[in-house]
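Taken together, the values in this text are just the output of simple stated rules run on the coordinates, not laboratory data. Please read all numbers here as calculations on a predicted model, not as lab measurements. Reconstructed Cβ throughout: ideal geometry from the backbone, glycine too, with neighbour counts over all protein chains shown.
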Amino acid sequence: MREWVMRLLSVGRRGRRDAELDEEIRFHVDELAHAFEARGLAPAAARAAAERELGGVEHTRQAWRDQRTWLPLEELLQDARYALRVLRRSPAVTASAALMLAVAVAGTTALFTVVDAVLLAPLPYAHADRLVVLYEEYLTLHAPGVSVTPGNFLAWQSRARSIAAMTAIDLRQQNLTADGDPVQVNVGAVSRGFAATVGVPPNVGRTFADEEFEPGRERVAIISHALWTTRYGGAPVDGRTIVLDDRPYTIVGVMPPGFLFPTAEVAIWVPLPLTAADRENRTGHGLRAVARVRDGVTIAAAAAELHDIAAQLRREFPDSNREWDLTVTPAREALVGNTTPVLAVMIGAVALLLVVACANVAGLLLTRGLARSRELAVRAALGAGRLRIVRQLLTESVILAGVGAAAGVLLAWIAQPSLAALRPAGFLTWKPVAIDARALLFAAGVAVSCGALFGTLPAIVASRTSIAAAATARSSGRGAARLRTTLVAVEIALAVVLVIGAALLAQTLRHLTVVDPGFHPEGVVSMTVSLPATRYGADATVDVFYRTLLARLRSLPRVRAAGAVQALPLSGNTSVRPYSIDGAPMTRASPVAHYRIVTPGYLEAMRIPLRAGRAFTDEDTADHPLVAIVNETLRRQAWGTRNPVGARITFGGSTGRWAEVVGVVADVRHFGPAAPPAPEMYWPAAQLDTLTTGGADTLRRMRRGLTIVVSVTDGDPLVVVSGVRAAVRDLDPSQPIANVRTLTSLMSESLWLSRAAAWLLTIFGAAALAFALLGVFGAASYAVAARRRELAVRLALGAAPGAIARLVVRHALAGAIAGVAIGVALALSLGRAVSALLVGVTAGDAPTLVGVSAAVVIATAAATWIPARRATRIDPNTTLRNAD
Amino acid sequence: MGGEKADILRGTLDLLVLKTLDVLGPMHGYGIAQRIQQVSGDLLSLNQGTLYPALLRLEQRGWVQSRLGTSDNNRRARFYALTPAGRRQLRQETSDWVKVSGVINRILRATD
């Protein structure tokens, strides 16, 4: 042990001790020689005998050195020292190779940090791979992702054998008051089974006791670590009372940092008691459900069992369940599934970029290796084995890769803020996206494999050059030039793939930004309120609140219009209901439309164009005739070409009350520009109590938590927020507003994934193309140099300079065109991978393919211009006279 | 140098060096080599060069330490000395050697 420490410590250290060894050996030999002389030998013979007795001075010295350090490491260090000298000797090649690697490694590492946080980092649950998210699916509409009814949830929970634990979540926006400023918080009311499902105990305190899921005993709360540190400063909170929507809750625990369930926004968890009445409720869709699959059961088997249970429920409760199935999604997919197709494409793209960079560096090293063939031949002649030479060259490559990777990590670190800016503020990760030890390890791995990848080929080619050939030949570069042309063709092919991808994504982004969202986001700010049921139980109270508030807002300076809606476009929220028109009875086959509960002023504030009829007014109240507005898609779907104004529509429920359609408005891209508009109907919030029957509670809750939109005449809409806040406080001092967002920021955020994908691929494509063109330039330059004598002969025999230039360009173009052709073919076959990301353009878009191909060919021709000119300036006289 | 001399058994050089240093006290490489050959009555063939890696090894293991000094004829030379750890090691190896050689001798006598 100690011996090895000493030996490793001595690696690479040529110290005093080595010099002293020589003296020690000399002393030994001298003494021996004296002794032999004393026995009568002649001085020379005595010395020879002494060295023999020692076993050779050099041999002794070598054996001692072997013992002093660890030889393989010592040799490696020698190789490395030598490599550094060699790399310093050709700074241009070294710098350009390192720079290309740096860019490629920066891209790879930056992407790794994202992939690591999103796809690799464990979810904040025990054995998170056993967790699945359950939704109901409305079969006639093929609408998955519908929230769950308490009745169905309880049936699944009691029947599924393959599920170890299951919990239902009711997501609420509530007002947290009584300690500090009133704030709106996202509360997750979780049913019995929460603790066993997530498998993570609170950091501080305890989880909910079983009896706390009984109705009336649920006034306990567990808070998130973030809320604990921001609102309570990390002070002891166990047993502290908080007030949610005017009801007191006792804090019993704090979850660990990074814990999120079921979304990152939830800051407080409370028990959700499910009662006998809930057991019979199979129509009120409002819960989320998460289940833990029993150990030893596959997710697929659990899903199959749950589908069977859904089928049983369809048979047992045809009235409510005939059209309902469920969906089972692994937790990670449910959390980040929307980003995986983009990440997959980006991983592929950055891998291609890395290969292009490696191929390019391989090309550089290949030609430099040939320039060094004499040096290598000398080394071989001096007894260096072929393996030793290959190892020497590989060491150079790996060191080069290491330098490039170090620069790349630095570049990635510098680029990190811009990369972070591509993500929306609320982008969910339970592990920060950062260059950490894992990312560094990854970058090191990339560097070593790159070094091996681009180093092997040139090393083998260079080491194969025989001593005799190297000592005499001058044109051993012919084969290498061909190899390099091949490498360049590969680079061009891969660059073409990336550039085509970037062009397709850029067109997608352009398409999405020019799509008419159906409303004008400029100058509009939105914010949410949530009126607690304790004080706003009566419908009239809620109406008075909104009516008074909106009237006050409209009187604020610079406010153009103000209104409110239960599901703002781009918020991701929606609600659907079946409808029927013109007196037809409601059936199971009735079509379904999305509905928006709005106040007067909403359409005006959003500037949603009115196509026919009128907007809602303050007259459309509960004691006036019921009215509705439909969008153009619903008009087309229900009335075809007829004008629906004056027609009648009903929204289901047993009362079957009919509303008169008073207006038609333009389609709104509710789910962002990429999703086509859906049929939508608008209801006045003030008339809800007269039409609600089934699911009345859900509708009432929606009405209590509307999103207010305020549109200003000019300038930044955020300036009115303080006025809005004051107006709300005036009406109800304990009522906060939250989620203040401008509609333009929501618009921009809805495009973030497309924008990030387009930007990243553009950067990768541009880098790959630049590398490939550098490769073209380098290969052409080298080809001209290698064919110098041949070109000189041609010139001497009277070839026109133009012909010589064409020869060079044609040679380069042949490779480039082959590369482009392969690239286009590759892009077409990879089209399926990106088609999920494309909107308004297809992967096989001919103008894109032709345009990119033409541009790359022209750029290739341009890149050969300097070498071609150099070829025409060869002076036959000097070239042919000089033997070398 | 005659062919009748026995080669030093693998692994026993360390023991011989430790013992020599134990007897002589601090000594330089040449002195150690001469002492081993004298004591063995010139019956052992010692490739004297192998002494130096062995001394370095013993030093790396912490059994001997070395410092520069002056030889009898006033030349600079490196003197090696046993450390307390080296002395313990010598006792250990000596008793091992006695045990092993005793066993081997017994076996050889039995089969003779």
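The table that follows gives values for the structure above.
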quantity: Charge dipole (chain A, unit charges on Cβ, about Cα centre) - positive-most of A:LEU313, A:MET747, A:ILE163; calculated: A:MET747
quantity: Under-5 Å amide H pairs with A:SER575, H placed in peptide plane, nonlocal only; calculated: A:TYR595
quantity: Cβ-based charge dipole, chain A, positive-most Cα from A:VAL378, A:GLY402, A:ALA334; calculated: A:VAL378
quantity: Amide H within-cut-off set for A:THR742, under 5 Å, with H built and near neighbours excluded; calculated: A:SER526
quantity: Simple label model, 7 Å out from Cα along Cβ direction - A:THR574 to A:ALA45, nm; calculated: 11.0 nm
quantity: Cut-off 10 Å between beta-carbons: net charge of the residues surrounding B:ALA85, Lys and Arg +1, Asp and Glu -1; calculated: +4
quantity: Dipole of the range B:6-111, positive direction: furthest Cα of B:VAL98, B:PRO84, B:TYR52, with charges on the beta-carbon; calculated: B:PRO84
quantity: Over chain A, relative contact order from alpha-carbon pairs under 8 Å, at least 6 apart, %; calculated: 15 percent
quantity: C-alpha long axis of helix A:91-115 to longest principal axis of chain A, angle in °; calculated: 30 degrees
quantity: Hydrodynamic radius by Kirkwood, which averages 1/r over all alpha carbon pairs of the range A:530-735, in angstrom; calculated: 17.6 Å
quantity: Extension gain, A:ALA276 back to A:ARG547 (0.36 nm per residue minus Cα-Cα distance, nm); calculated: 93.8 nm
quantity: Antiparallel bridge percentage (DSSP; both residues within the protein assembly as shown; nearest 5); calculated: 75 percent
quantity: Taking A:SER191, A:SER449 and counting other C-beta atoms within 10 Å, the order from fewest to most; calculated: A:SER449, A:SER191
quantity: Helix axis angle, A:386-421 relative to chain A longest principal axis, alpha carbon, degrees; calculated: 30 degrees
quantity: Summed residue charge, Cβ within 13 Å of A:PHE27's Cβ, Lys/Arg positive, Asp/Glu negative; calculated: -3
quantity: Compactness of the protein assembly as shown - radius of gyration and Dmax, Cα, Å; calculated: 41.7, 138
quantity: Net charge, A:ALA45 excluded, C-beta distance under 12 Å - Lys, Arg +1, Asp, Glu -1; calculated: +1
quantity: Full-extension gain in nm, A:ASP66 to A:GLU20, via 0.36 nm per residue minus C-alpha separation; calculated: 15.0 nm
quantity: Alpha carbon centroid spacing (whole Å) that separates the range A:176-217 from the range B:56-74; calculated: 73 Å
quantity: Separation of alpha-carbon centers, the range A:330-386 and the range A:853-870, rounded to whole Å; calculated: 25 Å
quantity: Theoretical ellipticity at 222 nm over chain A - DSSP helices of four or more residues, -39500 (n - 2.57) apiece, nearest 500; calculated: -17500 deg cm²/dmol
quantity: Sorted by Cβ neighbour density within 10 Å, fewest at the top, the residues A:ILE268, A:ILE866, A:ILE737; calculated: A:ILE866, A:ILE737, A:ILE268
quantity: Scaled radius of gyration (Cα, divided by 2.2 N^0.38 Å) that the range A:818-884 gives; calculated: 1.88
quantity: Share antiparallel - DSSP beta bridges, the range A:530-735, percent rounded to 5; calculated: 65 percent
quantity: Using θ = phi - 60° and Karplus 6.51 cos²θ - 1.76 cosθ + 1.60, couplings along the range A:508-517 (whole Hz; Gly, Pro as x); calculated: 4, 4, 4, 4, 5, 6, 8, 4, 6, x
quantity: Mean shadow area of the range A:4-73, taken as a quarter of the surface of its Cα convex hull (nm²); calculated: 5.0 nm²
quantity: Net lengthening on full extension, A:ALA351/A:GLU265 (0.36 nm per residue, minus Cα-Cα); calculated: 27.5 nm
quantity: Cα-derived Rg to Rh of the range B:6-111, Kirkwood definition; calculated: 1.02
quantity: Residue order, fewest to most beta carbons within 10 Å, for A:TRP658, A:TRP228; calculated: A:TRP658, A:TRP228
quantity: Percent RCO, i.e. relative contact order, over the range A:2-69, from Cα pairs under 8 Å lying at least 6 residues apart; calculated: 41 percent
quantity: Residues whose placed amide H lies under 5 Å from that of A:ASP436, excluding near-sequence neighbours; calculated: none
quantity: Estimated vicinal HN-Hα couplings, Hz - the range A:353-368 in sequence order (Karplus 6.51, -1.76, 1.60; Gly, Pro = x); calculated: 4, 5, 5, 4, 4, 5, 4, 5, 5, 4, x, 4, 5, 4, 6, 5
